[in-house]
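> Before I ask anything, let me first share the structure, which is written out below as structure tokens.
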Amino acid sequence: MVDPEFDATGVGIRRMLRSLTRAGHVLVRDGELVLMTSYGSEIDSAPVDEVRISGYGLRDQALATLRGRSYVLRLGLRHREGLLSAVRTARAKSAAERGVLGT
């Protein structure tokens, strides 16, 4: 198994108004974004090509959409920027492996 490009613990994960975990785990590894509870069970995952991350207008949070399901991630400012960067990098790696340029 490859080391993750992004790894944050203690992340609050909500789906709309429902809190799924207050101390979850968010990983970007092997071209996939994984959301997990504090106990290690998977909430959701998707390849980075099927993930949308938005941090616009949100101070320490990000809105992650995985296959049409939206989650609010309370990451903290430093981790939010790291997640956005890791997803961009993973997408570029995936495109390069497929031989697609300029995506």
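> Pairs please, first residue from the range 57-76 and basic (K, R), second anywhere and open to solvent by 70 Å² or more (accessible area, probe 1.4 Å) and in a strand (DSSP E or B), Cβ atoms under 8 Å, 6+ apart in sequence or on different chains.
R69/R15; R74/R14
> Could you check A95 against (1) open to solvent by 70 Å² or more (accessible area, probe 1.4 Å); (2) assigned to a helix (DSSP H, G or I) and say which number it fails?
Just one mismatch for A95, condition (1).
> Is it true that A64 is open to solvent by less than 90 Å² (accessible area, probe 1.4 Å) and in contact with a Leu (Cβ under 6 Å, 6 or more places away or on another chain)?
Details: open to solvent by less than 90 Å² (accessible area, probe 1.4 Å): yes; in contact with a Leu (Cβ under 6 Å, 6 or more places away or on another chain): yes.
Spelling it out, A64 is indeed open to solvent by less than 90 Å² (accessible area, probe 1.4 Å) and in contact with a Leu (Cβ under 6 Å, 6 or more places away or on another chain).
> Residue pairs, Cβ under 9 Å, 6 or more apart or interchain, first in the range 30-45 and in contact (Cβ under 8 Å) with a residue 60 or more places away in the chain, second surrounded by 15 or more Cβ atoms within 10 Å (Cβ to Cβ) and of a type in the set (G, A, S). List them.
So the pair list comes out as G31/A90; G31/S94.
> Also, quick follow-up: All but one of (1) within 23 Å of R18 (Cβ to Cβ); (2) open to solvent by 40 Å² or more (accessible area, probe 1.4 Å); (3) among the acidic types (D, E) hold for D44, so report the exception by its number.
(2)
> A further question follows. Among the residues of the range 1-41, write down those that are open to solvent by 30 Å² or more (accessible area, probe 1.4 Å), within 23 Å of A95 (Cα to Cα) and in a strand (DSSP E or B).
D7, R29, E32 - these are the residues of the range 1-41 that are open to solvent by 30 Å² or more (accessible area, probe 1.4 Å), within 23 Å of A95 (Cα to Cα) and in a strand (DSSP E or B).
The values are calculated or read from the model by the stated rules, or taken from the named source; none is laboratory data. Since the structure is predicted, the reported quantities are computational estimates derived from the model, not experimental observations. Reconstructed Cβ throughout: ideal geometry from the backbone, glycine too, with neighbour counts over all protein chains shown. The accessibility values were calculated without ligands, DNA or RNA, using every heavy atom of the protein model including side chains. Shrake-Rupley method; radii C 1.70, N 1.55, O 1.52, S 1.80 Å.
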